[in-house]
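The values are calculated or read from the model by the stated rules, or taken from the named source; none is laboratory data. None of these values were measured; they are calculated from a predicted model. FYI the Cβ positions are ideal-geometry reconstructions off the backbone, even for glycines, and counts take in every protein chain you see. Quick note on the areas: whole protein, heavy atoms, side chains included, nothing else; ligands and nucleic acids left out. Shrake-Rupley method; radii C 1.70, N 1.55, O 1.52, S 1.80 Å.
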Amino acid sequence: MIAYVIRRILYAIPILLGVNVITFVLFFVVNSPDDMARLHLGTKHVTPAAIEKWKSERGYDKPLLWNTAREGADRLTDTIFYRNTVRLFLFDFGQSDSGRDIGYDISQRMWPSLAITLPVFLVGLLLTISFALAIAFFRGTYIDTWAVVLCVAMMSISGLFYIIGGQYLIGKLLRLVPISGFESGLVAAKFVILPVIVGVVGGLGHGTRWYRTIFLEEINRDYVRTARAKGLAEKAVLYGHVLRNAMIPILTGVVVVLPTLFLGSLITEAFFGIPGLGSYTIEAIQSQDFAIVRAMVFLGSVLYIVGLILTDISYTLVDPRVRLD
Amino acid sequence: MQVVLLKTDVLFFVLLALAAFYAFYASRREHLRAPWRQVAERPLGMAAAVVLSAYLVVAVLDSCHFHPRLADNGGEQAYSSEIVSLLDVLVAPLRANVETTYSAPFAVRAYAKEVIVDADGSTRRGYPPLEHGGAHLADPADRGADLAARTAQGLAGAGFAWAALVTVLVAVLARRDARGWRAMLAAVVAGRTRVPWRVVLLTAGLLLALVGVCVTVAPYYHVLGTDKTGNDVLYQALKSVRTGLLIGTLTTLVMLPFAIALGIAAGYFRGWVDDVIQYLYTTLSSIPGVLLIAAAALMLEVYMARNEASYTSLAARADLRLLALCMILGVTTWTGLCRYLRGEALKLREVDFISAARAFGVPHRVIIVRHIIPNIMHIVMISIVLDFSGLVLAEAALTYIDIGVDPSMESWGNMINSARLELAREPVVWWSLLAAFVFMFTLVLAANVFADAVRDAFDPRLREVR
C-alpha cells in the first residue's frame, strides 16, 4: 500500500514537469517577456530602458533555458525556466509581478475559498444522493419521469442565472443576507450562506441525474434480486445493498474533487466578492499578473493529482476486492 | 455587395458541409439509418431538433458576411468598411432603431427622466417619448390597441404559414405512403405516425407564432426593450445565437482531428506510442480546465497586443478571439474523448475481423480507415452532442470573468455581463438578463434533450437503465 502510494507520487513527477513545460511554453515561448512588458507598460511612449527595467525586476531578463554567460551549474539554474518554473516543485511560488509573496497570499486566501466550497460539496452530495435514491425508489413511475425532466431543465439553466437570481431574490428582495462580501471569523456565516445555497441548487440537476443513473445500474444487478427474493424490505435493499455497492462509482467522482476544493470557484467568488483563491486568480488575470496565474496552474495540477491518488486509496477502503500493488 | 469570409465563417461552413456529407453517407447505410430513425421516433427529441434547427438557421444567416454597397457615386462601386450579415439585413429595423438608453419592453416612453422642452418653450422634467419605440402612434394611449392589432396580424400570418406547412408536409407524407391526404392528416393529428409529426408541427407552429408576432411588432416596438446604449435587446440576443452555436460546434470540430488521431493511434499501436499519448493527455487533463483557459486567454491578449496592426477591422479581431477561444476550449475538452477512443480502439484491435485483416496483410492505414474509424464514429457523435450544451454555458461563464469572447462581440455572456449590475437600479432593468437567459436556456435545453435521444439511439450500453 505504502509502496503503491510512493510509486504513484513518483509517477506524478513527470506529469507535473509536463504541466510546467506547458505553462513555460505558453508564457515564455509563445510570447516573449518583451511582449508582456509592453502589455503592462503600454505600447506607446515606452522606452527600451523601461522594458529592461520591468523585466529585470521580475527576473524575466534571463535566458530561457541555457545561460551561456554563467559557469557550471549556474548555466542551468540562472535561467527563466529554472527560476520561474522548476522552483514551483518546492512550492516556492516566488513573488507576483506586483511584488507580493504568492505563497503567503495563497495560504491566506484558501480559507475563504474552502468556507464556500466545502459546505457546497458536503450539502450538495448529501442532497443529490438522497434525491437520487428517492427517485430510484420510484423508478418507472411518473415521479421518476418528471424528476428527470426537472433535472434536465435545471441542468440547462446557466450557473450565472442561479447566482444572479439568488442575489436578487434572497439578497435584494428579501434582504435576508448581504449580497456580497466577506468577513473572517463567525460573522462569515451570513456571507457564506447565499453562495452555498446558490452553489448547491446549481449543482442539483446534474448531480441528481448522475447518481440516479448509478443507482439504477446497481438496482438491476443480480445481488439486488437475491436480496429482494429473500424477503428484504425495499428500504433495506436500497440502503443496505444498492447504496453500499454504488459507493465505488460515487467515489470516483467525489474523491478526485476533494483537494481541488481549496482552489475555490472562480465565478462564485467573483460574484460574491469572496477573497479566496478563485478571485485571486481572476484578479491576476485582470491585472495580467503572469506569476500568479502560473503558480495557480501548477497548484491546481498538484491538487488534481493528489485527488487521483486519494481516489485509488479510497477504493481499498470501501471495496475489499480492490488491492493496490 | 462584397462578400467577406471571416475565419469562423469558413470553419462553420466546413462543418455544415461535413454534416451534409455525413447525412448523405448515413442515408445510404442501414446500420447508420436505424439509430437515426430511432432518434426521429422520439417526440421530445424531434421537438428539440425543430428548436435547434431554428437556431441553426439564425446562425447560418448571421454567418454570411459582406460589405454592403454604398449609394452610387458616379458609376464607381464603393463598399462600406462595415461588415454586416444577412441576418442584419433581414432585421434591419431592429438594428437601426437605436434609442439613447434603456427602455422597457414595449415601452413608448424613456426609462429615465429628462428635461423636455415643450412647444411653447417651457421646460419640465418627465419621461420623453422614445425615438423609435411606438413612434408611429399619434397618442401613446393607443398602444394597447395597436399592440393587439399587430399581434393578431402577426399570429394570422403565422397561422397561414403554419397551415401551408401542414398541407405541404401531409401531402408529401401521403404521397410517400401512397395514402389519401385526408387519411394522412387524420393519422398525423391522432399521432399515429412513426415519426411524431404532430409534435414537430406543434413545435414549428409555436416557433412560427413567435416569429410572426416579432415580424409585425418588433419594427415598431422594442419587444425585449433596449440596453444601456439604446440597442435593441432582441437584436443582440439574435446575434448572440451565432456566437453560442459556433462555440458549441467549432470547439468540437477543432479538437476532433487530434482526439481521433491520437486516441486511435494510442489504442491501435500500443507500446511507446500509447505511453507518449497517454502521458500527453494525462498532463493536459491534470491542469484544471478553467485555469488552463485563463492562462491561454492571458497569453492570447499579449499576442493580440503584439500583432495589433494586422487586424483590418474590429470584427476580424473579435472573430480571431472567438476562434482562439474555441481552440483553447478544445484543448481542455479533447482529452476525455481521446481517452474513450483509446479504450475503444484497444478493444477493437483484438476483434476477429481486424485480426483477420491484419493476418491478410492489410496495411495499418487501411485497417484504421476502413475498420476502426467507422466503428468508433458513434462515440464521436455522442460526444459532439453531449459536449455542445456544456460549451454554450461555458461561454457565458468565461466571458463573465473576462476570458471569453471579445467584449465587442454580441454574446449571451456579454449581455449578462453588462446587464447584471442593472438589477440594482430602480426600477429594475431585468429584460436584458432575462432575454439572454431565455435564449440560452432554450438552446441548451433543446441540445440536452436531443443529445439524450442521440445517445440512447447510438449506444445501447450507455442507455439509462429502466
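Restricting attention to the range A:183-209, report how many residues are more than 16 Å from A:VAL123 (Cα to Cα) and either of a type in the set (Ser, Thr, Tyr) or outside any loop (DSSP other than H, G, I, E, B) (or both).
So the count comes out to 5.
Exactly one condition in (1) under 17 Å from A:SER265 (Cα atoms); (2) in contact with a Lys or Arg (Cβ under 7 Å, 6 or more places away or on another chain) is false for A:VAL148; which is it?
(1)
Does B:ALA419 qualify as being open to solvent by 30 Å² or more (accessible area, probe 1.4 Å), more than 20 Å from B:TRP36 (Cα to Cα) and within 12 Å of chain A (Cβ to nearest Cβ)?
Answer is no for this residue.
B:GLY230 - would you say it is surrounded by 23 or more Cβ atoms within 10 Å (Cβ to Cβ), over 22 Å from the mean Cα position of the chain (by Cα), under 23 Å from B:TRP430 (Cβ atoms) and not assigned by TED's automatic domain parsing to the domain that holds B:SER383?
In short, no.
Let me spell it out: the conditions are (1) away from chain A (no Cβ under 14 Å); (2) open to solvent by less than 10 Å² (accessible area, probe 1.4 Å); (3) modelled with pLDDT under 85; (4) under 30 Å from A:PRO14 (Cα atoms), and B:ARG270 meets all of them except one. Which number is the exception?
(2)
Taking the conditions exactly as written (within 14 Å of another protein chain (Cβ to nearest Cβ) and more than 20 Å from B:GLY343 (Cα to Cα)), does B:ASP406 satisfy them or not?
no
Looking at the range B:423-447 only, could you name the residues that are over 14 Å from B:VAL233 (Cα atoms) and more than 21 Å from the chain's Cα centre (by Cα)?
B:LEU423, B:ALA424, B:ARG425, B:GLU426, B:PRO427, B:VAL428
Quick check on the range B:129-159: of everything there that is open to solvent by 60 Å² or more (accessible area, probe 1.4 Å) and in contact with a helix residue (DSSP H, G or I) (Cβ under 9 Å, 6 or more places away or on another chain), which residue is nearest to B:THR203 (Cα to Cα)?
Checking each candidate, the answer is B:LEU155.
Of the residues in the range A:128-179, how many are surrounded by 15 or more Cβ atoms within 10 Å (Cβ to Cβ) and part of a loop (DSSP other than H, G, I, E, B)?
So the answer is 6.
Hey, B:LEU250 hits all of (1) crowded, with 17+ Cβ neighbours inside 10 Å; (2) closer than 24 Å to A:TYR304 by Cβ but one; which does it fall short on?
(2)
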